[in-house]
1. Over the chain, calculate the relative contact order: mean separation of alpha carbon pairs under 8 Å at least 6 apart, over the residue count, as a percent.
2. Rounded to the nearest 10 Å², what accessible area does Thr101 show when all protein chains are kept and the probe is 1.4 Å?
3. Students often forget the sequence filter, so: which aspartates and glutamates lie under 18 Å Cα-Cα from Lys56 once same-chain residues fewer than 8 apart are removed?
4. Using the eigenvalues of the Cα gyration tensor, what equivalent ellipsoid semi-axes result for the range 3-82 when each is taken as the square root of five times the eigenvalue, whole Å, largest first?
5. Report the Cα-based extents of the range 42-111 along its three principal axes, largest first, to the nearest Å.
Amino acid sequence: MTYIVNDSCIRCKYMDCVSVCPVDCFYEGKNMLVIHPDECIDCGVCEPECPVEAIKPDTEPGLEDWLKLNAEYAKQWPNITIKRDAPADAKDWEGKLNKITEFDPEPGEGD
Ligand code: SF4
Ligand code: F3S
């Protein structure tokens, strides 16, 4: 198994998760992060750190598409291990549904 990031992260991108990952397996897109499924050691420490509950174990039902997206973009986006500030309008995007329409495939800055 692995943990994955879902669309609750999009445009919130709080980055509390990157500070706690013992194997540095988060990768940064323009407006969300993903987890590399082959690098994640399933420790689970990142899950409660996310203020918008965007991190889930892939054993939860209905996350197949998000597992694929995490695996695909973890290969393309830069590694991120140091927390930066969240987007200025992050609060406005908390709890919004179907944020996949806001997904941006462009890479983020990385460390
Ligand atoms: Fe990193 Fe552990 Fe979260 Fe996997 S479950 S992304 S290893 S902190
Ligand atoms: Fe995203 Fe939550 Fe991390 S909003 S950047 S998964 S702390």
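The values are calculated or read from the model by the stated rules, or taken from the named source; none is laboratory data. Only a predicted model underlies this, so the values are computations on that prediction, with no experimental measurement involved. Note: accessible area is taken over every heavy atom of the protein model, side chains too, but ligands, DNA and RNA are not part of it. Shrake-Rupley method; radii C 1.70, N 1.55, O 1.52, S 1.80 Å.
1. On the way: 225 pairs, mean separation 47.3, N = 111.
RCO, the chain: 43 percent.
2. Accessible area of Thr101: about 120 Å².
3. The qualifying aspartates and glutamates are Asp7, Asp16, Asp24, Glu28, Asp38, Glu39, Asp42, Glu47, Glu64, Asp65, Glu72, Glu94.
4. 15, 14, 13
5. 32, 27, 27
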